[in-house]
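Okay, so here's the structure we're looking at.
The values are calculated or read from the model by the stated rules, or taken from the named source; none is laboratory data. If you're wondering where the values come from, they're calculated on a predicted model, not measured in any experiment. A quick note on method: Cβ atoms are made from the backbone with ideal geometry, for glycine too, and the neighbour counts reach across all protein chains shown.
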């Protein structure tokens, strides 16, 4: 399982943003300091209030509006769902990140969440995916 952690300024605003995108929350790991956004069966993203984030590291919190530290790419079931996710993100307080990218077998589009973190929903044609060896 993978649990990336992201610092957020306003936890309630962030929870509303991710709920609008259709994600659910794992109540076991959600409280006044953090929220566990379920991306899929193997991946969840922890949203941590800045004050709580600072209990885990002495490094400064980067401003994701000006510094790119990570791109959070996640797969969806169709091209239409990619478009829907980005349109909902933009209507819910997110901002445009990168233009649509159509590679034929793969289609993606990007947005920034309200804290500036870069997200990229993408669809890949399952017929094109090679089995892992």
| query | In this structure, is residue 78 farther than 28 Å from residue 49 by Cβ, at pLDDT 95 or above and in contact with a strand residue (DSSP E or B) (Cβ under 6 Å, 6 or more places away or on another chain)? | reply | yes
| message | I'm checking my understanding of the structure. Among residues of the range 53-83 that are more than 22 Å from residue 112 (Cβ to Cβ) and in contact (Cβ under 8 Å) with a residue 12 or more places away in the chain, which one is farthest from the chain's Cα centre (by Cα)? | response | 56
| over 15 Å from residue 72 (Cα atoms) and over 15 Å from the mean Cα position of the chain (by Cα), is that true of residue 49? | yes
